[in-house]
Structure formats: structure tokens, C-alpha cells
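Participant: Dropping a structure here in C-alpha cells format, bear with me for questions.
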Amino acid sequence: MVDLALSPTTPGLGVSELADLCSYAEDLGYRHAWLAEVAGPDAFVLAAAIAGRTEMMELGVAVVPAYTRTPAALATAALSVSDLLGGRPFRLGIGSSSEVIVTQWHGTPLAQPVQRVRETVQATKAILNGVNDYQGTLVTTRRFRPAVQGDGPIELWVAGLRPKMLAVAGAVGDGVCLNLMPPRVVPAQLAAVSAGATKEGRSLPAGFGVMARLPVLVTDDPDTARDWLRATFLGPYLAQPVYNNFLQWMGYQEEAQAIASAWEAKDREGVQAAISDSLVGDLTLIGTASQVRSRLDEYGEAGITVAAISVVSAGRFAVEQTLRALAP
């Protein structure tokens with residue numbers, strides 16, 4: 001059975017409120033939280049706050065872009081959070097992110113993402129293991145020794161969508177982070193992870209984790225939820241090249257092309273019209289508690305070990321309602 005985790009990503013809630021939400025979830029029986037980093041709150045600041053408000057909850061971040069922090073900064077941040085967790089594991093997911101976040105927001109070219117992620121993970125892992133020199137083709141660190149110690153295991157996971165990046169997860173990661181796919185796609189993704197490990201001459205470690213962030217809402221009004229998702233979440237996501245290409249790779253070629261064309265024309269209504277109810281149903285878990293649980297079981301059977309519930313609502317009440325309905 002898939003383990004349920006909270007993904008504290010509710011728009012409009014600040015660090016303190018999201019930390020309180022994790023404490024609330026822990027009282028309901030949730031033992032994992034997977035944070036995200038997009039435009040805020042800062043993932044490591046939020047992780048520190050959650051560490052202080054919870055007692056048993058294990059934390060992960062899915063994901064931090066490989067371009068926006070150096071390996072030295074990533075290792076220092078991970079060790080700092082670990083220091084607050086009192087021996088609980090901390091799992092740091094590293095990925096390539098998107099053109100909007102990396103290039104437009106941070107002014108950094110999204111160049112050679114597969115190699116950049118691989119070397120960032122390797123360099124960060126080297127620092128965590130006490131090695132203070134790493135020389136890659138894109139990433140270099142020399143003579144850095146962190147002045148903070150962790151207090152528990154730190155794992156580095158890799159975020160991937162398609163085979164090349166998934167192979168990196170298999171080659172150098174302690175786990176893999178997935179996003180926005182139906183259960184039927186997961187076996188092909190995991191095959192790519194395994195292929196990456198084999199090519200590296202590596203056997204995947206026992207306990208290699210497979211985490212997926214899943215947009216979820218328990219509701220008796222799925223039509224309204226689907227419309228809200230098209231406008232606020234799925235449209236902007238699926239129009240970005242990295243996710244639009246992923247959509248095509250999964251077999252939604254016509255939808256991907258229609259979304260990209262409408263987005264290019266700045267036709268937001270056209271973008272939403274291109275996202276059919278069927279596509280929303282494939283990529284999200286919307287419906288009654290029993291319907292959502294049934295979908296979660298499908299993900300578990302496909303190979304997901306941790307399902308991070310990202311409740312698609314702008315209000316805390318709806319988030320708490322969904323967490324109660326699905327509580328372990």
C-alpha cells in the first residue's frame with residue numbers, strides 16, 4: 001500500500017500556517033511531508049519551521065532546482081534542516097526545473113539539464129560524505145567543509161519526467177521524484193530508472209523510494225474543481241516546454257500541441273479548452289474519498305511508494321477536509 005504524505009503547497013498560506021498544517025496532519029496520522037520550492041515559501045525555511053512543530057514527521061523537498069543553489073549551499077541547507085530534525089531522515093530532491101523558473105526568474109540558461117542535475121547531486125553528496133573537492137564538466141567545488149552537522153540520514157533524490165533524467169535518478173539518486181502522470185506511465189518511468197542504474201553498474205539500494213506529487217481534492221463538485229484546475233494550475237504547467245514535451249511523451253500529442261499553440265497566442269481560454277475532462281482525470285485525483293482512495297491504490301500498484309497529496313484548493317478548510325477524509 002502506498003504511503004500517504006502531505007505536500008504543504010496551499011497558495012496564500014505562509015510559513016507558520018503551513019507548519020501548523022503539517023502539525024495538524026501529523027495528528028491525523030500522516031508521517032511524511034514533501035515540500036516544494038517554486039516562488040515561496042523558501043523550502044528550507046519551511047522545513048525548519050515544520051521540524052519545530054512536529055515530532056515524528058519525516059521531511060522531503062521535491063524539488064530544488066540544480067541551477068539556483070550551489071552544491072555547497074544545498075549541502076549546508078540540508079545539514080541545517082537535519083540538525084533540527086532530531087535524527088529523523090531528510091530527503092532532498094534535486095531537479096532541472098523549468099525555463100520559467102530557471103531562465104526567466106533567475107536569469108540562468110537552462111543548459112545541459114541532464115548533466116547539470118547529475119553533477120549537482122554528485123557534488124552535493126560528496127560534501128555530505130566529507131569530500132571537499134569535486135570537479136565536473138559543469139559543476140565544481142573545492143576546499144569546502146560545512147560548519148554544521150546533521151542529526152540523521154540525508155538522502156538525495158532526483159526529479160525526472162522522461163527517460164534521460166530518470167536514468168540519472170537510477171545512476172546517482174537515493175530515490176526518484178515524479179509529477180503529473182497517470183498510473184499507466186509509471187512502469188515505463190521506473191524501467192528508465194532501472195536502466196540508468198544498470199548502465200552505471202549499480203544496483204538500486206534497498207529502500208530506493210518512488211515519490212509522486214499528486215494533485216488531490218476530495219469533493220462532491222468535481223466539475224468546479226476541474227475548471228479551477230484548468231485555469232490556475234494545469235494550464236500554466238502544461239504550457240511550459242518541459243511539461244508540454246512530457247505530455248507528448250506520455251501520448252497526449254494532440255492536447256499538447258493545442259495547449260502550446262493557444263499559449264503562444266496568449267489565448268488563455270484556448271489553453272483551458274484544450275485540457276479535456278479526460279486529461280484532467282488522468283493527471284489529478286478529484287472526487288469522493290472512495291474515488292480518490294481507489295486512484296491512490298492504482299498509483300501504489302504501479303510502483304509509487306510515497307504519494308504526496310497536494311490539495312488543489314486556495315483555502316485551508318478544504319485542505320484540512322481532504323486530509324481528514326484520506327487520513328491514514
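Participant: Which of (1) under 18 Å from VAL319 (Cβ atoms); (2) in contact with a strand residue (DSSP E or B) (Cβ under 9 Å, 6 or more places away or on another chain); (3) polar (S, T, N, Q) is the odd one out, the single condition GLN122 does not satisfy?
Facilitator: Failed condition: (1).
Participant: Something else: Could you list, ordered by first residue, the pairs with Cβ atoms under 9 Å in which the first is in the range 162-175 and more than 20 Å from SER98 (Cα to Cα) and the second is in a helix (DSSP H, G or I) and of a type in the set (S, T, N, Q), at least 6 apart or interchain?
Facilitator: Partner pairs satisfying both residue conditions: GLY170/SER194; GLY170/THR198; VAL172/GLN122.
Participant: Within the range 46-75, track down each residue that is aromatic (Phe, Trp, Tyr) and either more than 19 Å from the chain's Cα centre (by Cα) or part of a helix (DSSP H, G or I) (or both).
Facilitator: none
Participant: Shifting gears a bit: If the requirement is being in a helix (DSSP H, G or I), out of contact with any Leu (no Cβ under 9 Å at 6 or more places or on another chain), over 30 Å from VAL15 (Cβ atoms) and not assigned by TED's automatic domain parsing to the domain that holds GLN189, which of these qualifies: GLN272, GLN248?
Facilitator: Being in a helix (DSSP H, G or I), out of contact with any Leu (no Cβ under 9 Å at 6 or more places or on another chain), over 30 Å from VAL15 (Cβ atoms) and not assigned by TED's automatic domain parsing to the domain that holds GLN189 holds for just one of GLN272, GLN248, which is GLN248.
Participant: In the range 205-239, which residues are closer than 25 Å to GLY175 by Cα and outside any helix (DSSP H, G or I)?
Facilitator: Residues satisfying the conditions are PRO205, ALA206, GLY207, PHE208, GLY209, VAL210, MET211, ALA212, ARG213, LEU214, PRO215, VAL216.
Participant: Working only within the range 135-150, note down all residues that are touching an Asp or Glu at 6+ places or on another chain (Cβ under 9 Å) and either aliphatic (A, V, I, L, M) or surrounded by 15 or more Cβ atoms within 10 Å (Cβ to Cβ) (or both).
Facilitator: Selection gives GLY136, LEU138, VAL139, THR141, PHE144, VAL148, GLY150.
Residues are listed down the side, and each one gets a yes or a no for (1) surrounded by 19 or more Cβ atoms within 10 Å (Cβ to Cβ); (2) of a type in the set (A, V, I, L, M); (3) in contact with a helix residue (DSSP H, G or I) (Cβ under 8 Å, 6 or more places away or on another chain); (4) within 30 Å of LEU323 (Cβ to Cβ):
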| residue | (1), (2), (3), (4) |
| --- | --- |
| VAL176 | yes, yes, yes, yes |
| LEU180 | yes, yes, yes, yes |
| ALA191 | no, yes, no, no |
| LYS199 | no, no, yes, no |
| MET211 | yes, yes, no, yes |
| THR219 | yes, no, yes, yes |
| LEU238 | yes, yes, yes, yes |
| LEU247 | yes, yes, yes, yes |
| ILE259 | yes, yes, yes, no |
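Participant: I need every pair where a residue in the range 130-146 that is in contact (Cβ under 8 Å) with a residue 12 or more places away in the chain has its Cβ under 6 Å from the Cβ of a residue that is assigned to a loop (DSSP other than H, G, I, E, B) and surrounded by 17 or more Cβ atoms within 10 Å (Cβ to Cβ), sequence separation at least 6 or different chains.
Facilitator: Taking only residues 6 or more apart or on different chains, the pairs are ASN132/PHE144.
Participant: Specify the residue that is surrounded by the most Cβ atoms within 10 Å (Cβ to Cβ); the eligible residues are those in the range 50-106 that are acidic (Asp, Glu) and free of Cβ contacts under 8 Å to residues at least 40 places away in the same chain.
Facilitator: GLU58
The values are calculated or read from the model by the stated rules, or taken from the named source; none is laboratory data. Treat the numbers as computed from the prediction; the structure is a model and nothing was measured. Cβ coordinates were reconstructed from backbone atoms using ideal geometry, including for glycine residues, and neighbour counts include every protein chain displayed.
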